[in-house]
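Reviewing the structure listed below.
The values are calculated or read from the model by the stated rules, or taken from the named source; none is laboratory data. Keep in mind it's a predicted model, so treat the numbers as computed, not measured. Here the Cβ positions follow ideal geometry from the backbone for every residue, glycine too, while neighbour counts run over all protein chains shown. Heads up: the accessible areas ignore ligands, DNA and RNA and are worked out on the full protein's heavy atoms, side chains in. Shrake-Rupley method; radii C 1.70, N 1.55, O 1.52, S 1.80 Å.
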Amino acid sequence: MGLVPKASRSPNTTLVAYALACGVPLAAYVATASAHAHWLDSGEMVEAAIELDVAHPPGHPLAALVGHLLTLLPLGPLALRVALGQALCAALACGFLFRALDTTSRVFGLRHDRVTVPIALGGTWLVGTSFGWWLQAVRPEVYALEALLVAIVIERVVALEAAWPVSDVRPFYIASFVTGLGLANHHFMMVLVLPALAPTAARVYRAHGGRALAIAGAALAGGLTPYLYLPVRAATL
């Protein structure tokens, strides 16, 4: 039996909760997004997104590919378009953080939406409006995208652990794939997440054997595929 019983939350409550968790931060980020290249390597990231170029090591291929998609939007300066992509990533990260906090509060025995939703929203907004988080959400960089990927990994691991024991470990496979994507965006930040994954990986191995870890490893390798872009692009320079 899992730590958290299946929730009976109404769809309307779920929709409103997610809208608040993501929508309030997104409105704040969009309203304060930078229309310029900002500072440090933001200008480099804008250029890499526009030209699909190779940024400084390790290359940040995923950020360049995602940023390039945003430059196709017919909306304001190119730097602003890339910044808006980071704003969206930061807001979506708030949504996954909300889910993780909501699940965690239920693990500790809280069951009523009138309690869990405000706690999860409060924690989400506390993080989402902090200086460091907000700064990365309003400028063209790689960190808000990385925050989204880290938040997805955390949420999937929390969901799996809260439901353990389970026969379906797909949340762990998803977390592994997204970990690979994170390593293809800002590898150092995602490396710091790996120790948090280790206990879950050990639990999956004990319950489902080496095959489950092999699938997770293949999923992680799949997330690294954006790196294949770098030598291809470098060959054309």
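Tabulated data for the structure shown
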item: Integer Hz, Karplus 6.51/-1.76/1.60 couplings in order for segment 93-105, x for Gly and Pro; result: 4, 4, x, 5, 5, 4, 4, 5, 5, 5, 4, 5, 5
item: Highest-fluctuation residue, 154, 119, 174 considered, GNM on the chain with Cα pairs under 10 Å; result: 119
item: GNM result for the chain, Cα springs below 10 Å: residue of 13, 32, 179 fluctuating most strongly; result: 13
item: Percent carbon-and-sulfur accessible area, segment 91-209, ignoring ligands, DNA and RNA, probe 1.4 Å; result: 72
item: Point-charge dipole on Cβ atoms (K/R +1, D/E -1) for the chain, about Cα centre, debye to 20; result: 940
item: Cα-based radius of gyration of segment 195-237 once divided by 2.2 N^0.38 Å, which approximates compact folds; result: 1.69
item: 3J(HN,Hα) from dihedral phi, segment 53-66, Karplus parametrisation 6.51/-1.76/1.60, rounded to Hz, x for glycine, proline; result: 8, 9, 7, 4, x, x, x, 6, x, 5, 4, 5, 5, 5
item: On Cα atoms only, tilt of 11-31 relative to the major axis of the chain in degrees; result: 30
item: Segment 1-142, relative contact order [Cα under 8 Å, separation at least 6], %; result: 36
item: Positive dipole terminus of the chain, leading residue within 153, 103, 217 (C-beta point charges); result: 103
item: Most mobile of 184, 93, 55 in a GNM of the chain (Cα contacts under 10 Å); result: 55
item: Listed values [x] 54, 44, 37; [y] 57, 51, 31; [z] 56, 42, 26, entry calculated as Cα extents along the principal axes in Å; result: [z]
item: Three principal axis lengths of segment 29-78 [C-alpha, angstrom, descending]; result: 31, 23, 15
item: Global size of segment 79-180 as Cα Rg and Dmax, reported in angstrom; result: 14.8, 47
item: For the chain, accessible area per residue (1.4 Å probe, heavy atoms of protein chains only), Å²; result: 49
item: Nearest-20 debye value, segment 85-191 charge dipole, Cβ charges on Lys, Arg, Asp, Glu; result: 180
item: Values of log10 I(q)/I(0), in the order q = 0.12, 0.23 Å⁻¹, for segment 16-136 under a Debye, Cα-only, solvent-free model; result: -0.51, -1.19
item: Mean separation of Cα contacts under 8 Å (6+ apart) over length of the chain, as relative contact order %; result: 24
